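Data first, discussion second: the structure below is written as structure tokens.
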Amino acid sequence: MIAVRRLSVSSLQLAVLASTALILLPLGYVTALALSADSTIWHRLWTTRVPELLLNTVSLAGAVALLALVLGVSTAWMVTRFEFPGRRLWEVALVLPLAMPTYVLAYVYNYLLGYGGPVEHLWQMVTGPQSRILSPQSFWGVTIVMTLDTFPFVYLLTRSALLSFNVSFEEVARTCGASQLRTMLHVTLPLLRPSIVAGVALVVLYVVSDFGAVSLLRYQTLTYAVFQQMTGRSDNQAASILSILLVVLALLFLLTERWFRRKSRFYQTTGRYRAPQRIQCEWWHATALTACLATVTGLAFGIPVYLLAMWSLSSEAQAILDARFFGFIWNSALLSSLAATAAVLGGLPLAYLASRKPTWLNLGCLQAAYAGYVLPGPVAALAVLVLFLNVMPFLYGTVIVLIVAYVLHFLPAGLQSLEPSIQQITPNLEEAARTLGLGVRETWRRVTLPLIRNGMIVAWVLIFLQTMKELPATLLLRPVGFDTLAIRVWLEASEEYYQLAAPSALLIVLVGLPALSLLLSRDWRAA
Amino acid sequence: MYRWPRQCSRTIGVPVRLNFAGVFAACLLAVLWLPTPPEVSAADKLIVYSGRSERLIKPVLDAFTAKTGIQVDLLSSGTTELVNRLKAEGGRSPADVFISNDAGSLEMARTAGLLRPLNMPEVEQAIPPQFRAADNSWIGLSGRFWIIVCNTTMVTPDQITSLLDLADPRWKDKIAIPNAGSEYLQAGVSVIRASLGDDQTKRFLEGLRNNAGTHVYQKSSQIVEAVAKGQVSVGVVNHYYVYRHLAVQPTAPLGVMMPDQQAGGMGAIMNVAGIGILKHTSRFDAAKLLVEFLVAEVGQKMFADLDKEYPLHPEVKADSSLVERKRFRTASVPLTKLAELREPTLLLIEQVGMR
């Protein structure tokens, strides 16, 4: 029995080390490539591209974070603190934009707000033929598109914090004579801060690594520049240098965020807890709230989906719904489910060992796995490409290369839900099972796995969704004749064939919906 | 004490039946098998990497399949991206044929030793030698010219005679240009450098950069769109983008200016789309059949007309909507030099800080 145990633990350990190595190799490779670059390349980039790219990336992330913060917190507040007809509907509707890839929203708004587009037409009917509206291909255009797409991150986390919020803190402040506003600013918001910061962090990481929207809206960020360097030049060193900058930027941000959260821990010291009472709304108040929420969800989800549906029904779009199109659906589904399965299988030992045997090695491996977070899609693709060509050339050109890139990129998202689900079951249960005579394997199968099943499913669904939407790595690594829905959207939308891109885009959105309903029911913590 | 295991035993069934490892292994097997479908007829298939956009090449390849029965698997992507990919793949590349929209990229593939020289009388007869590699490693298929497209309601043709005019400050915020990664831009600037020297080219690029501002596009079709809508007055694109737009929207206010035709001017900048057969292909005969198809009169007509380009076969006429080929002059920089000119051109483009 002891021999069996040793064997299985060490094989688990091996699996952990192997997957960690797999995750760290690309990062190491990109770093090495960047550091080995000639100093003239560094100099050239610093004097030409880097200042603009850094400024663009940071200011976009900042502006989107700020707007998403305002939008996310205020909508969460509306649906948790007030009671009005239709509240439950809006509670769900506000999450829907998460099913919309940023590049789909970008291409819809490119059409809507574009030069000579329908919105400008309306505007000119009111204000005269010469007036112009905000171009979607501008800083504010990109900011608005990104905000509409990412504010649900903040909304979700703030909402769940507000739902589990102990209202006695506020009541104490009020009885001590603080005004309603003062209470909100000095008591409620600080208490919500950890959740809000976590939500904003997701937004920032998302914006910084986004490729699709910025490329369709022609806004130059580091991630976009990395892709351009990789596809427009015949050496990858400049791309790797820009990637390293991006990684450093993301790391700096993550550290700041950790520091923020460390400084804000609040504890419930007595057992007295009361959930907040919702305020009943007058009819005019309810109308105002409904109008607000309808505008937000309409802009972020309703109008785009309506347009996509209309376009999909057009005759041009119908013409492409042939056998080839179903091939794209199959490719997308196959890739996404394989990647999700592989990532869950790979993440499980990592999360398990880190919580059961928290040695520095295991904890280190877990932390290292999060490296995928800071490695943007094109960079992950670049590293995977080179690694496979040098180490396992016979696999090159197969779907496996793509799957490795996906796992690398999305494993952290899966770990976010695997880790807590393993931590929640006490080791006592497994120990009890062992004392009752079950072997290690049996214990896993009959006790541990069933208990963490929900966590695994959520992780699987999350990665499935992300892979479905993924663009840059798929563009660079796909095997011959292996397009996915996301690729089709990008190819058609970048030539402004709105109708032709619509069916694929609509499908991506629709596939995402059932998964979202699953996520809505729990405290959701993943990008 | 005994409650937990009992409770669990109710839920055991599902995860056991899911059996992730088994499912995964099965999927893996499926995948390993998937990208290489059964080799029942390896000779009747070709894998083509194409830098030409899918809708402009697929009909021709479909016609080829219809004629010969040879299936074609197509990977459409950016031209430079494909050269990078071919270089990385080396002898392991699954590709048999490389179709590129830029002679410079074809020449780069040749110098990287990726292409196999062709010795075919059909090619010698159909395509004039200035449109082929010295050893016939690649063969031009259609000609494309860098032109200035203008919105006819905003600009009159006499306002611009040369590409260099576009650096004039009066075009500030009125020009749309392709981004620095575009092979057309790189080839065009290479020709200007070879004709006029680095200093003058640099001044030109700086002016162009300032005038374009944020109107820097990934796709030339977007430039034409912007000019047609009057968002900018002029743009620099390959000629066929304009004719393709006009074919769909005949009333669009678009005009084509063939630049640098004035006495002593450098002439219009020409590039070709072309084809090369990869060295490591095991389907050389099928690949040769494709080349044969594309250089023959029918193939030439179809290949060029789909994209509104100029056929290179002397006997084949271009689409009647195009400016007649005899009526303008071409810059004298040989296509085969585009590859060696490219690296310093890229450096210059980046020094200027174009996007």
*Rounded to a whole number of µm²/s, how large is the Stokes-Einstein D of region B:87-158 at 4 °C and 1.567 mPa s, given Rh as the Kirkwood radius over C-alpha pairs?*
88 µm²/s
*Rounded to the nearest 20 debye, dipole of region B:41-116 from Cβ charges on Lys, Arg, Asp, Glu*: 80 debye
*Could you order peptides A:106-113, A:62-69 by the average number of other Cβ atoms within 10 Å of their residues, highest first?*
A:106-113, A:62-69
*Going by C-beta contacts inside 10 Å, put A:C281, A:C292, B:C150 in order with the fewest on the left.*
A:C292, A:C281, B:C150
_If I model a spin label as a point 7 Å beyond the Cα along the Cα-Cβ vector, how far apart are those points for A:T426 and B:T251 in nm?_
7.8 nm
*asked:* What translational diffusion coefficient, to the nearest whole µm²/s, does chain B have by Stokes-Einstein, given a Kirkwood radius computed over alpha-carbon pairs, a temperature of 10 °C and 1.306 mPa s viscosity?
replied: 71 µm²/s
*Using a Förster distance of 22 Å, how high is the FRET efficiency between A:E52 and A:S138, based on the Cβ-Cβ distance and rounded to 0.05?*
0.90
_In whole Hz and in residue order, list the ³J(HN,Hα) couplings for region B:279-295 that follow from phi through the Karplus curve 6.51 cos²θ - 1.76 cosθ + 1.60, θ = phi - 60°; x for Gly and Pro._
4, 8, 5, 9, 10, 4, 5, 4, 4, 4, 4, 5, 4, 4, 4, 6, 8
*Amide H of B:Q71: which non-local residues (sequence gap of 5 or more, or other chain) have their own amide H closer than 5 Å, using H built in the peptide plane?*
B:K45, B:L46
_I'm a student and want to see the number: the projected area of the Cα convex hull of region B:231-355, averaged over all directions, in nm²._
11.4 nm²
*Given only helices, namely DSSP H runs of n ≥ 4 each adding -39500 (n - 2.57), what is the per-residue ellipticity at 222 nm of chain A, to the nearest 500 deg cm²/dmol?*
-24500 deg cm²/dmol
*Based on the Cβ-Cβ distance from A:L254 to B:Q262, what FRET efficiency comes out when R0 is 60 Å, to the nearest 0.05?*
0.55
*Per residue Cα convex hull volume in Å³ - calculated over chain A*: 192 Å³
*asked:* Can you tell me how region A:124-240 classifies by the Cα gyration tensor, rounded, prolate or oblate, using a/c under 1.5 as the rounded cut?
replied: oblate
*For chain B, what proportion of DSSP beta bridges, expressed in % and rounded to the nearest 5, is antiparallel?*
65 percent
*Distance in nm between pseudo-label sites at A:N454 and B:S321 (7 Å out along the Cβ direction from Cα)*: 6.1 nm
*Most to least packed among A:243-254, B:113-124 [average Cβ atoms within 10 Å]*: A:243-254, B:113-124
*Summarise the partner chain shielding of B:343-351 as one whole number: the mean count of Cβ atoms from other chains within 10 Å of each residue's Cβ.*
3
_Could you list A:H121, B:H313 so that the one with the fewest beta carbons within 10 Å of its beta carbon is first and the one with the most is last?_
A:H121, B:H313
*When only Cα pairs under 8 Å and 6 or more residues apart are kept, what is the percent relative contact order across region A:188-253?*
23 percent
*Percent of Cα-Cα pairs per 20 Å bin, from 0 to the last occupied bin, for the protein assembly as shown, please list those.*
13, 44, 32, 10, 1
*Measuring from label point to label point, each 7 Å out along Cα→Cβ, what is the B:Q125 to A:A323 span in nm?*
3.6 nm
*Could you list, bin by bin from short to long, the percent of Cα-Cα pairs of region A:341-428 in 10 Å steps?*
17, 42, 29, 11, 2
*Pop the C-beta distance of B:A66 and B:T111 into the FRET formula with R0 = 22 Å and round what comes out to the nearest 0.05.*
0.05
*Taking a quarter of the surface of the Cα convex hull of region A:403-527, what do you get in nm²?*
9.8 nm²
*In peptide B:216-224, what is the residue-averaged number of other protein chain Cβ atoms found within 10 Å of each Cβ?*
3
*Stretched out fully, how many nm does the piece from A:E83 to A:H285 gain, at 0.36 nm a residue minus the Cα gap?*
71.7 nm
_Range of Cα positions in region A:281-337 per principal axis (Å), largest first_ = 54, 32, 12
*Expressed in nm to one decimal, what extension gain is obtained for the pair A:Y306 and A:S131 from 0.36 nm per residue of sequence separation less their Cα-Cα distance?*
60.3 nm
*Packing-based ranking, highest mean first, of A:433-443, A:381-391 given that Cβ atoms within 10 Å are counted*: A:381-391, A:433-443
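Bear in mind that the values in this text are calculations on the coordinates, not laboratory data. None of the values given here were measured: they were computed from a predicted structure. Methodologically, a virtual Cβ is constructed for each residue, glycine included, from the backbone with ideal geometry; neighbour enumeration extends over all protein chains shown.
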